[in-house]
Amino acid sequence: MFAYALLFPSLIFLGMFTFYPTFKSIYLSFYNSTFGSQTFVGFDQYSRVLQDEVFHKVIKNNLILVIGTVPISIFLAIYLAIWVNNKMKGNGILRAAFFYPTIIPMIAIANIWLFIYTPDYGLLDKFLSFFGIDGVNWLGEPAWVMYAMIGMIIWKEAGFFMLFYLAGLQNLPSEVYEAAKLEGARPFQVFRKITFPLIMPTTLFCLVIATTNSFKLVDHLYIMTKGGPDNASNLLLFYIYETAFSFWDMGAASVLTVILLVILLSISIFNYAYLDKRIHY
């Protein structure tokens, strides 16, 4: 009973801010709901949302974001962690520099990269002009806007995951590396056969966080593109916000929220129920 008494305050907040909104969203997803009235429509609401072309585009954008950011962020984080784990001058400065983007608020990062991507006089276009390359409207052309978003998110996320990999590398047994050195193993062989398998628990954790973040990081959209042009950069969470608070369609927003919850839950179950069993701890 004493343990439950200690947990009770946390359970209150969990119920108020997690369980209640979840069940309320599921309930509202079966209603054609505005602030004026509610009409029960059942699964017709789901059918309407799933047939919406904007919804298909938003899901496609999210998949592109996951594929573009998760593998690159994780492999870049591993490379940076191995680099700064070596004993060399200025190690602390490098670690701070790589981790620094993580502590900057996403709104501030959006404003920084908005300047970088500004056509003609932005930093990226100025840099390309040195090589005689004409820049493009990075945030104004549907063909380029997602690549611009991917680059920005990788810049922010890589340093965050580097910190976890750095902690994992510093806890690896030194005897294994000494044995590999005596056997004459090359650096890439050491990484492939020893380092990477031993940091797989860290990789699983970073994989879950990076994938879920790809569905949750949308603050930058409000500053940079508002989901445009023509929904080319719109993401599921921002589309939920638009549907609920711009179009005032609470029923459709609730359906989208349920879909997002199912996606995130499926990702977590797959990672921990399937991948976790294939990892050596």
Putting +1 on Lys and Arg Cβ atoms and -1 on Asp and Glu Cβ atoms, find which of 234, 174, 250 reaches farthest to the positive end of the dipole of region 160-251. 174
What whole number of Å gives the distance from the Cα centroid of region 192-225 to the Cα centroid of region 130-178? 11 Å
Fully extended, how many nm does the chain gain between residue 44 and residue 104 (0.36 nm per residue separation, minus their Cα-Cα distance)? 17.3 nm
Those helices of the chain passing the 27 Å axial Cα length cut-off and the mean Kyte-Doolittle cut-off of 0.0 (DSSP H runs only) are 53-85, 142-170, 250-270
Linear extension gain, residue 226 paired with residue 261, 0.36 nm per residue minus alpha-carbon span: 10.3 nm
Sort 215-228, 176-189, 107-120, 72-85 by the packing proxy (mean of other Cβ within 10 Å over each peptide's residues), most packed first. 72-85, 215-228, 107-120, 176-189
Under a cut-off of 29 Å between alpha-carbon atoms, report the lysines in cross-link reach of residue 24, not counting same-chain residues fewer than 8 places apart. 57, 60, 216, 226
Subtracting the Cα-Cα distance from 0.36 nm times the residue separation, let me have the gained length for residue 275 to residue 204 in nm, one decimal. 24.8 nm
Which of the following values of Rg and Dmax of the Cα atoms in Å was calculated from the structure shown: [x] 29.0, 94; [y] 22.7, 75; [z] 19.8, 83? [y]
Per residue, how much accessible surface does region 141-268 expose to a 1.4 Å probe? Answer in Å², no decimals. 47 Å²
Can you list the lysines whose alpha carbon sits under 19 Å from that of residue 181, skipping same-chain ones fewer than 8 residues off? 87, 193
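The values are calculated or read from the model by the stated rules, or taken from the named source; none is laboratory data. Note that the structure is a prediction, hence the values are computed from the model and not measured. Neighbour counts are summed over all protein chains in view; Cβ atoms, including those assigned to glycine, are modelled from backbone coordinates with ideal geometry. In case anyone asks, the SASA skips ligands and DNA or RNA and just uses the protein heavy atoms, side chains included. Shrake-Rupley method; radii C 1.70, N 1.55, O 1.52, S 1.80 Å.
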